[in-house]
Amino acid sequence: MLKLNHVSRTFNPGTVNEKKALNDLSLHLAPGDFATIVGSNGAGKSTLFGAIAGSFWPDTGSVVLDGQDITFLPAHVRSKQIGFIFQGFNLLPKLSALENVELPMIYQGVRATERKKRAVAALERVGLGGRMKHRPNQLSGGQQQRCAIARAIAVNPSLILADEPTGNLDQKTGREILNIFDELHQAGNTIVLITHDPKVALCGQRMIRIEDGRLYEPKEADADDLSVV
């Protein structure tokens, strides 16, 4: 499904500011896995997100999705296979919730009737059936994130990739968003959720720690170790 094979990325190589953000990192996910990746600031979370999303190319290694090597494919091409969810929601302010959800499908060439059908279904799935015509500034933070989730799942992605999806939300609203991720997982979606919060990391099927650009998957008995991240 998703395979990162010996991926490395170094910033400012050969200088006093050299930083090895990803260090010979490998990760294999099967279809239907729900992996949470937790780490502190500077541990390599954002760089790992970028390697999967296509924000940059790694120095070494490969990224494979559904058997296809996507290592050097740009983000807009990967968006046909990956549903992106961000901490800051990334909704266009002048578009309605429905139009925001439809937008990625326009770039994919999905016909108007089909993309509207899929957008409506996705918004209803996350509980925004009555807010489709609202613009982002007419939605609460939790509703904006629900809209962003709807946008991600409407493209029928192979992988849902979320970067700090509860970071801008209060605890109660964050829990509601995590419940949606759990429902998506139960429905068979493959999810990678990146977070700095050990409590959020517990929502996944697989808890993985990133530290100094390396991944560590603690055994169930060692799950309490996540509290030190």
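The values are calculated or read from the model by the stated rules, or taken from the named source; none is laboratory data. This one's a predicted model, so the numbers in the text were calculated from it and none came from an experiment. All Cβ positions, glycine included, derive from the backbone under ideal geometry; neighbour counts span all protein chains shown. Accessible surface is based on the protein model in full, side chains and every heavy atom, while ligands, DNA and RNA are left aside. Shrake-Rupley method; radii C 1.70, N 1.55, O 1.52, S 1.80 Å.
Identify the single condition in (1) more than 18 Å from P165 (Cβ to Cβ); (2) in a helix (DSSP H, G or I) that P31 does not satisfy, given that it satisfies every other one.
Going through (1) more than 18 Å from P165 (Cβ to Cβ); (2) in a helix (DSSP H, G or I) one by one, P31 breaks only (2).
Considering only residues that are open to solvent by less than 40 Å² (accessible area, probe 1.4 Å), among the small types (G, A, S) and over 11 Å from R151 (Cβ atoms), which ones fall in the range 88-120?
Once the filter is applied, which keeps residues that are open to solvent by less than 40 Å² (accessible area, probe 1.4 Å), among the small types (G, A, S) and over 11 Å from R151 (Cβ atoms), the range 88-120 yields only S96.
Filter the range 157-173 for residues that are open to solvent by less than 10 Å² (accessible area, probe 1.4 Å) and either under 11 Å from Q87 (Cβ atoms) or modelled with pLDDT under 95 (or both) and give the result.
A162, P165
How many of the residues making up the range 132-146 are in contact with a Cys (Cβ under 8 Å, 6 or more places away or on another chain) and either part of a helix (DSSP H, G or I) or open to solvent by 30 Å² or more (accessible area, probe 1.4 Å) (or both)?
Selection size over the range 132-146: 1.
Here's a check for you: in the range 39-76, which residue that is in contact with a Gly (Cβ under 7 Å, 6 or more places away or on another chain) and in a helix (DSSP H, G or I) is least open to solvent (accessible area, probe 1.4 Å)?
The extreme case among them is K45.
Kindly indicate which of I153, I210 is assigned to a helix (DSSP H, G or I), crowded, with 19+ Cβ neighbours inside 10 Å, touching a residue at least 60 places away in the same chain (Cβ under 8 Å) and in contact with a strand residue (DSSP E or B) (Cβ under 9 Å, 6 or more places away or on another chain).
Testing whether each residue is assigned to a helix (DSSP H, G or I), crowded, with 19+ Cβ neighbours inside 10 Å, touching a residue at least 60 places away in the same chain (Cβ under 8 Å) and in contact with a strand residue (DSSP E or B) (Cβ under 9 Å, 6 or more places away or on another chain) leaves just I153.
Does T36 satisfy the condition of being in a loop (DSSP other than H, G, I, E, B) and either without any contact (Cβ under 8 Å) to a residue 12 or more places away in the chain or of a type in the set (S, T, Y) (or both)?
no
Take V200 and tell me if it is hydrophobic (A, V, I, L, M, F, W, C), assigned to a helix (DSSP H, G or I), out of contact with any Cys (no Cβ under 7 Å at 6 or more places or on another chain) and closer than 13 Å to V38 by Cβ.
When the stated conditions are applied, V200 passes them.
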